[in-house]
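A short reminder: the numbers here are calculations on the coordinates, not readings from a lab. Here the structure is a predicted model, which is why all the values come from computation and not from measurement. Quick reminder, even Gly has a Cβ in these numbers, built from the backbone with ideal geometry, and neighbours come from all protein chains shown.
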């Protein structure tokens, strides 16, 4: 069965490209562009992995992570956080909530694919 | 004077509060760290002074003197007899002006002011405006405080600038590259050869742009002083060979010879390996670019307190007039990049920056048509010097910011026997796992290795630091135990606090070493209870432990006796034989575990029957008590005892 990945990021171009790459690798993709959408998608879809942009405006990134961790259906879903220029406090707060990996938009796609593969098996 | 804040120094804890508030205010007013530290110390001392009397109060504010705005601190207390001129505290000299006065109501006022260096005159202007508009009658000026906040925020933004630029430049590049890859890898559909070719060219230019951005960023970070060197002890000879090997193919392509002239032995320098590798890559890459025939030679020499490296080539060389500009970023940018090259020409500038950050120097010798020779030096620290230097640096930093810290030291007992200390790479093998364990609790920059010891820096006052040190001890228990098993040598632990225990590096280290000895002595005094029905067995065990220095023993011949004795005096370690008449080991353990007071006594159990060991393992696995078989291994007993205590 195809593994489901939910991408949460407010940068639509990036989401579009990421979705294309991941679908090519055989994953089923859903996207959300803010914290609210993220929650409703997560609850509906029950993804196997969430890619979350921690730097969404108005604290949306951390907020989404908090909600995900607080909800009974998603609290144990692995989350890879897209950081890059997050400050120390945000990173620490994310750590505390529970994060399965980090990825920066400036890294190569191969790195992200490896991380996803490692988390989702096969 | 505009009053910004009033603080009643009700008791000693308020002295710390006073210091903190003054420090924060000084920082907001953009005082440099030395002045801030001094003001904080003044606040501390003077608050302490007034705390002895009645109604001690500290008032912080701003005052206009001539054309300047000054920070004013007023320490007030109710006192019967006034002091004559000064209260005899050194800190008075830290102020630009200080005055002691006595009011009619019986209050002693200690007033000190310090000029605020206000280059943009913003504060002063604000002040003048407030004065003019007679706003000085209000005890707090909210606008002034808002201004202070703004100044604080601006400086934060400036320091984030470098990293923000980096991110903003790189992200669109990444996205573009991702897009190109999607098409190139045919994920969006089939493409023809022409499209493939053009997209590949586009992609390599993206890489080129990324390289340029990285170079620019390196340079601006180096210049802004925002590069943090991740130093460690590195075998420089090995590093050079490694860097050179990555150019093997390129050299073969151009039919160039690589001469590596470095000593066979291991030479350790305290540098950031990634950055120094970058230096060599830049220098060798540079030589490669401009040499079409002959050779590139890398040599390394030890010269007393420094090491000298030379990268020479038989390339086109640089003319005399161009020589002084070789390291200049302005002159080189874009120039040296030929067709298809992804250089910015900044390689040499970056190399120079890195070398200078490490405290070294780089120079260039060249003859047009014959070749070039780059020579650079790096300081060579002895491990002792380095240890002292690192501690002194910490002390300087703590003095500036008026903070405290402690050092926690893990020392190999080898030092007692081996004057030269551990050999370099044995030290690596021994200390590496320990520092890895330490770094899980504290940050990696806070851990340094000497010849015989590791030192961890822990921030905070003695009390706070001790809490962290306890965690550090727990963290290293396992790796230390393993190392002691392999090397058959023990470790000692100690700590010292700055400034409470000592004020300079030498004394601080001395104190820490002393504390190692004291700890060892305290450990040897711990009470060990040996429970075994055979008196000979008890004797043998006692003698083994006495050889290690332990002297506080109590004994019991059976379970019952043991429990009785434990009721009166709880031992620090219990060594228990399992098979005994009356009450056997299991029962003893069971009884002890049920009682709150005795359930945590460290235990070591002995058993002579192979069969029982299996039975015990189950038990032991659940309750994590180490087992030794009888007849026992002397070394094992000693190590386990050491470990458990």
Value of relative contact order over the range A:28-78, rounded to a whole percent, pairs C-alpha under 8 Å and six or more apart: 39
Quick check on packing: order B:545-557, B:246-258 by the mean number of other C-beta atoms within 10 Å, highest mean leading. B:545-557, B:246-258
Which order results if B:52, B:115, B:242 are arranged by neighbouring Cβ count within 10 Å, fewest first? B:52, B:242, B:115
Protection-proxy order for peptides B:179-188, B:266-275, each taking the mean of Cβ atoms within 10 Å per residue, highest first: B:266-275, B:179-188
Order by neighbour count: A:20, B:596, fewest other Cβ atoms within 10 Å first, most last. B:596, A:20
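At a 10 Å Cβ-Cβ cut-off, how would you order B:309, B:42, fewest neighbours first?
Neighbour counts put them in this order, fewest first: B:309, B:42.
Given an 8 Å cut-off on Cα distances and at least 6 residues of separation, report the relative contact order of the range B:13-84 as a percent. Before the final figure, lay out the partial values.
Numbers: 75 pairs, mean separation 18.5, N = 72.
In percent, rounded to a whole number, it is 26.
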Chain A: most fluctuating residue of A:83, A:74, A:106 per GNM, C-alpha cutoff 10 Å: A:106
Unit Cα scatterers, Debye sum, the range A:1-68: log10 I(q)/I(0) for q = 0.19, 0.20, 0.21 Å⁻¹: -0.66, -0.72, -0.79
Shape box of the range B:491-548 [Cα atoms, principal axes, largest first, Å]: 54, 16, 12
Would you mind giving the mean number of other chain beta-carbons within 10 Å of the Cβ of each residue in B:170-177, as a whole number? 5
Residue mean of other protein chain beta carbons inside 10 Å, A:99-107: 3
Throw me the Rg/Rh for the range B:446-587, computed over C-alpha atoms with Kirkwood Rh, two decimals. 1.08
Pairwise Cα inverse-distance average, inverted: Kirkwood Rh of chain A (Å): 14.1
